[in-house]
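The values are calculated or read from the model by the stated rules, or taken from the named source; none is laboratory data. In this text the structure is predicted, and so the values were computed from the model without any measurement. Here the Cβ positions follow ideal geometry from the backbone for every residue, glycine too, while neighbour counts run over all protein chains shown.
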Amino acid sequence: MKPLNFVFLLLLIGKVMSAQEIRITDFNGLKPLLDKRNDTTYVVNFWATWCSPCVKELPAFERVHAEYSNQAVSVKLVSLDFRKQLENRLIPFVKKHNLQPEVILLDDPDSNAWIDKVSPEWSGALPATLIYNRNFRAFYERGFTYEELAEIINLNMIKQ
């Protein structure tokens, strides 16, 4: 392989590995993620790029994603950014911060219809996080540190 081709191949692999596709869905498409019945603990964080407490806590979710990667823990980042800002705000933000958990853009403007379906306790404020497995379910309308998330996960993770 010629050196120039090899460099191009490395650049291409790096771009593919660092790029993340953002799934866009309405609430009906998100709903199955909010009530899975298996041995996985789900950490579903509702956030937005314009929410400074949300951005501040993202490293905690990144760390949970990395440190629990060999366990039955799944971190999902559900963005409430506007769909029209996908290309110029959300995608650049995800790339800049190299977010590794799956990022889902919730494109459903009728929040009054679905907020209570996520949790009756949710006023609609951000950040908000749902942590659940088949034996545990809790909703939090506040920010987190890694230590706080790890404590909740460790106390409630299904022992396999």
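Report yes if some residue within the range 101-110 is part of a strand (DSSP E or B) and in contact with an Asp or Glu (Cβ under 6 Å, 6 or more places away or on another chain); otherwise report no.
No - not one qualifying residue is present in the range 101-110.
Assuming LEU155 fulfils every condition listed in (1) within 16 Å of ALA48 (Cβ to Cβ); (2) not in a loop (DSSP other than H, G, I, E, B) apart from one, which condition is it?
With (1) within 16 Å of ALA48 (Cβ to Cβ); (2) not in a loop (DSSP other than H, G, I, E, B) applied to LEU155, the lone miss is (1).
Across the range 39-86, what is the total count of residues that are among the polar types (S, T, N, Q), in contact with a helix residue (DSSP H, G or I) (Cβ under 7 Å, 6 or more places away or on another chain) and either closer than 17 Å to THR145 by Cα or assigned to a helix (DSSP H, G or I) (or both)?
1
Out of all the residues in the range 129-147, which are farther than 17 Å from SER74 by Cβ and either in contact with a helix residue (DSSP H, G or I) (Cβ under 6 Å, 6 or more places away or on another chain) or surrounded by 19 or more Cβ atoms within 10 Å (Cβ to Cβ) (or both)?
Correct list: GLY143, THR145.
Out of (1) modelled with pLDDT of 95 or more; (2) over 15 Å from ASP81 (Cα atoms), what's the single condition that is false for ASP26?
(2)
Report the residue count in the range 103-160 for those that are in contact with a strand residue (DSSP E or B) (Cβ under 7 Å, 6 or more places away or on another chain), over 22 Å from ARG63 (Cα atoms) and without any contact (Cβ under 8 Å) to a residue 60 or more places away in the chain.
3
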